[in-house]
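Step one of this worksheet: look at the structure below.
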Amino acid sequence: MDNNQTAAAGFMATFFMVYLIVIVAILAFTIWVYWRIFAKAGYNGAMSLLNLVPGVGPLICMIVLAFGRWPIEDELAAARGGAPILPPMPPAPPGTAVIPS
């Protein structure tokens, strides 16, 4: 192996090590962010580990967060008395009978 090939191999090894460190840092940051989002939504933060599933993991996380009923919403409804807040009904027009429900 001549000097140029040795230098090229060293450069490639250094490049791939730096690349690997950057990819692991981005992945760790993504998992941390999803962990915080899941925890604030009332889910177990460990659901963020679904991001480790290649290809469909981040998609599954987004679908759960976008379309699922968040446990924190259930806790909020229970704290408010269990019934959703509805706007008040307008008064009945004069001269009409009001049938109690």
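Read-outs: derived from the displayed coordinates by stated rules, not from any lab. Keep in mind the model is a prediction, meaning the values are calculated, not measured. Glycine also receives a Cβ, built like all others from the backbone with ideal geometry; neighbour counts cover every protein chain displayed.
Mind checking which residues of the stretch 50-67 are in contact (Cβ under 8 Å) with a residue 12 or more places away in the chain and either surrounded by fewer than 12 Cβ atoms within 10 Å (Cβ to Cβ) or among the β-branched types (Val, Ile, Thr) (or both)? LEU52, VAL64 - these are the residues of the stretch 50-67 that are in contact (Cβ under 8 Å) with a residue 12 or more places away in the chain and either surrounded by fewer than 12 Cβ atoms within 10 Å (Cβ to Cβ) or among the β-branched types (Val, Ile, Thr) (or both). Taken over the stretch 40-62, the residue count meeting the criterion of being part of a helix (DSSP H, G or I) and closer than 24 Å to ILE23 by Cα is 14.
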